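**Q** Pasting a structure here, questions to come.
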Number of protein chains: 2
Amino acid sequence: KHRKGVNFSDRGMTLEQKINESNKYYLMEEIAVVHKKPTPIQIVKVDYPKRSKAVIREAYFRQASTTDYNGVYKGYYLDFEAKETRNKTNFPLKNFHDHQIFHLDECLKQQGICFTIIRFASLERYFVTPASFVIHAYREKDKSSMTLKEIESHSYEIKSGFRPTLPYLEAVDKLIADRKSE
Amino acid sequence: KHRKGVNFSDRGMTLEQKINESNKYYLMEEIAVVHKKPTPIQIVKVDYPKRSKAVIREAYFRQASTTDYNGVYKGYYLDFEAKETRNKTNFPLKNFHDHQIFHLDECLKQQGICFTIIRFASLERYFVTPASFVIHAYREKDKSSMTLKEIESHSYEIKSGFRPTLPYLEAVDKLIADRKSE
Ligand SMILES: [Mg+2]
Ligand SMILES: [Mg+2]
């Protein structure tokens, strides 16, 4: 593996790295503008050394209030959360946080295109699942996971490739078409 | 004025504080979902003390690649940058950074609703200006500022008030109407 700036091989890339690479490609080709949101940090102490850049010396992780990614594509607002599991037959719903589900729901009410990208790492399979299904599953009483079968039947599967590494907008096109035919 | 978890007076609030308050109101009322992007930080060293939360001990500010705010409103993607000046007759274009102008331009190409909110602090006046005008001014040769007159004639002025503190979506409605009539 030789990497510099961009990965030569997608082996060993995390889901987030693949999405970030894909977003760079989409931006460069002017196909879409999607960015990962920075982790929110509460900064307490900063040193300003002479002749050198500011150093944060005390800071804490804060609770995010949104999902990982959002952006714009053909006039549509996109919002999504990316998650991985090593499980082979189901995705545990505890991997989602309340604030992520709440945020996806709020964005849906504003007619955003909202979804999750779930990677089954052991199977090397990727699913783009509409947020409406995930929210419903998350809120269902006594339901602790979505089975692979459920995910298969409610999602668009995408294949990891090259340029972009993870062509998730193909699935987004289908979500947009589904919405139009509703 | 008595609020809870909110500033008691809007005197002394910065532009960003006013926008953040407004966004809370818009979210609570399910009018729009707009969040400020966290400052991107490169984390180098984290301590994990026993029985207490993780402390970031060395980190650096990174260059942002987007504007301050984005979100979704009635299906529209919103993207904007907020800026203040104490000047009384013009707004210096050097207050914008290349990456902000680039980002606004990329989002415009994807049909986002893109704009700036400029506060003339000494005048207590607020303007919502379409990104297309700001980008054009920024790229004009030998132009170092936008005059107040130019801003007045290319913007929708908004008034600071109560619930929301800064009702910028009123101006956004006009930008959307303008786009439709183009
Ligand atoms: Mg994630
Ligand atoms: Mg700003």
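Derivation of every value follows stated rules applied to the coordinates shown; laboratory data play no part. On a predicted model such as this, the values are computed, not experimentally measured, just so you know. As a convention, Cβ positions derive from the backbone with ideal geometry for all residues, glycine included, and neighbour counts pool all protein chains shown.
**Q** When residues of region B:74-87 are filtered for being within 14 Å of chain A (Cβ to nearest Cβ) and surrounded by 22 or more Cβ atoms within 10 Å (Cβ to Cβ), how many remain?
**A** 5
**Q** Only one of these conditions is not met by A:Met13: (1) more than 18 Å from A:Thr116 (Cα to Cα); (2) within 16 Å of ligand 1 (Cβ to nearest atom); (3) at the interface with another protein chain (Cβ under 7 Å from one of its Cβ atoms). Which number is it?
**A** If we test A:Met13 against (1) more than 18 Å from A:Thr116 (Cα to Cα); (2) within 16 Å of ligand 1 (Cβ to nearest atom); (3) at the interface with another protein chain (Cβ under 7 Å from one of its Cβ atoms), just (3) comes out false.
**Q** Within region A:59-73, restricting attention to residues that are surrounded by 16 or more Cβ atoms within 10 Å (Cβ to Cβ) and more than 16 Å from ligand 1 (Cβ to nearest atom), which residue is farthest from the other protein chains (Cβ to nearest Cβ)?
**A** A:Tyr73
**Q** Restricting attention to region B:111-124, which residues are part of a loop (DSSP other than H, G, I, E, B) and either surrounded by 24 or more Cβ atoms within 10 Å (Cβ to Cβ) or without any contact (Cβ under 8 Å) to a residue 12 or more places away in the chain (or both)?
**A** Within region B:111-124, just B:Gly112 meets the criteria.
**Q** Is region A:88-100 home to any residue that is within 22 Å of B:Gln63 (Cβ to Cβ) and crowded, with 18+ Cβ neighbours inside 10 Å?
**A** Taking every residue of region A:88-100 in turn, none turns out to be within 22 Å of B:Gln63 (Cβ to Cβ) and crowded, with 18+ Cβ neighbours inside 10 Å.
**Q** Can you name the residue in region A:58-74 that is out of contact with any Lys or Arg (no Cβ under 6 Å at 6 or more places or on another chain) and farther than 28 Å from B:Ser52 by Cα and, of all such residues, is farthest from ligand 2 (Cβ to nearest atom)?
**A** A:Lys74
**Q** Looking at (1) touching a residue at least 60 places away in the same chain (Cβ under 8 Å); (2) more than 18 Å from A:Gly12 (Cα to Cα); (3) not aromatic (Phe, Trp, Tyr), which one does A:Val128 not meet, given that it meets all the others?
**A** (1)
**Q** For region A:75-99, enumerate the residues that are assigned to a loop (DSSP other than H, G, I, E, B) and either within 16 Å of ligand 2 (Cβ to nearest atom) or at negative phi (or both).
**A** Once the filter is applied, which keeps residues that are assigned to a loop (DSSP other than H, G, I, E, B) and either within 16 Å of ligand 2 (Cβ to nearest atom) or at negative phi (or both), region A:75-99 yields A:Arg86, A:Asn87, A:Lys88, A:Thr89, A:Phe96, A:His97.
**Q** Still on this structure, please answer the following. So is A:Gly112 small (Gly, Ala, Ser) and touching a strand residue (DSSP E or B) at 6+ places or on another chain (Cβ under 8 Å) or not?
**A** yes
**Q** Could you tell me whether B:Thr129 is within 19 Å of the chain's Cα centre (by Cα), within 14 Å of ligand 2 (Cβ to nearest atom), hydroxyl-bearing (Ser, Thr, Tyr) and within 27 Å of A:His103 (Cα to Cα)?
**A** no
**Q** Of everything in region B:126-182, what is farther than 23 Å from B:Gln111 by Cα and part of a strand (DSSP E or B)? Give them in sequence order.
**A** Once the filter is applied, which keeps residues that are farther than 23 Å from B:Gln111 by Cα and part of a strand (DSSP E or B), region B:126-182 yields B:Tyr126, B:Ser145, B:Met146, B:Thr147, B:Ile158.
**Q** May I pose another question? Can you pull out the residues in region B:131-170 that are in contact with a helix residue (DSSP H, G or I) (Cβ under 7 Å, 6 or more places away or on another chain), hydroxyl-bearing (Ser, Thr, Tyr) and without any contact (Cβ under 8 Å) to a residue 60 or more places away in the chain?
**A** Residues satisfying the conditions are B:Ser132, B:Tyr138, B:Ser144, B:Ser145, B:Tyr156.
**Q** What about A:Thr89, is it under 29 Å from A:Leu123 (Cα atoms), among the polar types (S, T, N, Q) and under 19 Å from the mean Cα position of the chain (by Cα)?
**A** no
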